[in-house]
Amino acid sequence: MTIPTEISAIRHADGKRRFLFEKMDLRGEIVHLDQVITDVSEIHSYPPGVSRLLGEFLVASVLLASTLKFRGSLTVQARSDREIPLIMAECSSELTVRAIARGAEAATSESFDALLGGGQLVLTITPERGKQYQGIVPLTGGSLASSLDSYFSQSEQLQTRLQLSSDGSRAAGLLLQQLPPQLEPNAAAREEQWDRACMLAATLSPEELIQLGDATLLHRLYHEEVIRLFDLEAVRFRCSCSQDRTFAALATLGEEEIRDIIAEQGAVTMDCEFCNQRYMFRESDLRGLLGSGDNAPIH
């Protein structure tokens with residue numbers, strides 16, 4: 001059916017919605033994150049430019065995770081020698097997200113190039129079963145969206161285009177992806193359809209992307225097309241840290257270092273950077289690591 005017009009400039013429910021062009025081999029996703037941005041901001045107090053960029057990374061992780069066909073997680077991460085040494089966002093196949101910017105407390109710029117320019121973008125796909133996959137491209141084009149577009153243009157995957165927007169308290173994104181030929185086998189016609197869809201998407205302002213409701217946005221861009229809009233799938237903030245994972249990380253320190261920490265501090269404490277959860281292990285909890293038993297840790 002044709003998408004009706006609706007007016008929506010209020011805060012959105014956090015989630016993603018898939019849409020499908022009924023007469024073209026094209027699909028898309030729209031993501032809105034409002035409460036998630038608030039949840040992350042309450043844990044970490046980042047400078048405005050960092051908060052805005054972190055919102056884009058969170059949206060990008062959800063949009064790209066929507067292309068996965070298996071259980072696991074996708075991480076969008078960037079490293080640079082500019083004002084943000086490291087920034088990353090992770091989305092699971094259950095649409096739970098978390099994010100962090102490391103070493104960016106003193107960042108003052110709002111410019112992408114000043115914050116991250118010249119760095120590397122790393123996409124990591126981690127399936128619950130099977131091998132991890134990584135793709136690495138330079139950060140180019142003055143934005144995260146442009147860098148991701150370059151990544152897809154260099155890969156053998158289907159053509160993909162992203163629009164990202166964040167004001168530091170809300171974030172939104174749009175993904176377009178060309179599907180394998182079914183409705184239109186002619187290569188030239190497929191390319192024309194793709195170019196037109198991307199051209200229209202590029203007319204969307206950052207404010208419209210954040211503020212408009214999904215149906216309104218699609219009508220604004222593609223009112224001449226027949227589009228099917230699917231139900232909202234909720235996205236929420238949830239850290240994947242756990243006592244077992246923290247204990248496993250602690251095991252990499254080695255017995256001598258663990259004993260030194262216990263002797264100095266009385267216990268080993270480890271804090272999760274993503275959610276600030278603190279895990280404490282006393283000597284009696286670490287017998288398996290210290291060669292005096294195989295007791296499980298006690299939180």
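Every number in this text was worked out from the coordinates using simple rules, so none of it is lab data. The model shown is predicted, which means the values in this text are computed figures rather than measured ones. FYI the Cβ positions are ideal-geometry reconstructions off the backbone, even for glycines, and counts take in every protein chain you see.
Highest mobility in the GNM of the chain, judged by mean-square fluctuation with C-alpha springs under 10 Å and restricted to Gln77, Gln157, Gln178, is found for Gln157.
How high is the FRET efficiency from Ser41 to Thr67, r the C-beta distance, R0 35 Å, rounded to 0.05? Before the final figure, lay out each step's value.
On the way: r = 27 Å, r/R0 = 0.78.
My answer for the efficiency is 0.80.
Divide by every residue of the chain the summed helix terms, -39500 (n - 2.57) for each DSSP H run of at least 4, and state the resulting mean residue ellipticity at 222 nm, rounded to the nearest 500 deg cm²/dmol.
Values: 9 runs with 92 residues, N = 299.
It comes out at -9000 deg cm²/dmol, rounded to the nearest 500.
Can you work out the PRE-style zone for Ala13? Point 7 Å along Cα to Cβ, and I want the residues of region 53-91 with backbone N under 20 Å. From region 53-91, the list is 59, 62-63, 66.
D by Stokes-Einstein for region 210-254, Kirkwood Rh over Cα pairs, 25 °C, 0.890 mPa s: 164 µm²/s. In percent, rounded to a whole number, the relative contact order of region 133-203 is 20, using alpha-carbon pairs under 8 Å and six or more apart.
Rounded to a whole number, what is D in µm²/s for region 95-247 from Stokes-Einstein with the Kirkwood radius over alpha-carbon pairs (4 °C, 1.567 mPa s)?
Values: Rh = 18.6 Å.
Using the Kirkwood radius from Cα pairs, D works out to 70 µm²/s.
Express in nm, to one decimal, how much length is gained between Gln157 and Leu232 on full extension, taking 0.36 nm for each residue of separation and deducting their alpha carbon distance. Mind showing how you got there, number by number?
Numbers: separation 75, 0.36 × 75 = 27.00 nm, distance 2.57 nm.
Length difference between fully extended and current span is 24.4 nm.
Treating r as the C-beta distance of Thr140 and Leu253 and R0 as 41 Å, the FRET efficiency rounds to 0.60. Shown here for region 152-243: GluC sites (Glu not before Pro) in loop regions (DSSP other than H, G, I, E, B) with at most 13 other Cβ atoms within 10 Å, namely Glu156, Glu224.
Can you list the chymotrypsin sites (Phe, Trp or Tyr not before Pro) in region 39-128 that are in a DSSP coil and have 13 or fewer other beta carbons within 10 angstrom? Display every interim value, and only then the final one.
Working: sites: Phe57, Phe70, Phe112; in loops: Phe70.
Answer in residue order: Phe70.
Charged neighbours of Gly117, selected by a Cβ distance under 11 Å, balance to -2 (K, R count +1; D, E count -1). Once Rg and the Kirkwood radius are both taken over the C-alpha atoms of region 44-131, their ratio Rg/Rh works out to 1.01. Restricting the trypsin sites (Lys or Arg not before Pro) of region 60-159 to loop positions (DSSP other than H, G, I, E, B) with no more than 14 neighbouring Cβ atoms within 10 Å leaves Lys69, Arg71, Arg129, Lys131.
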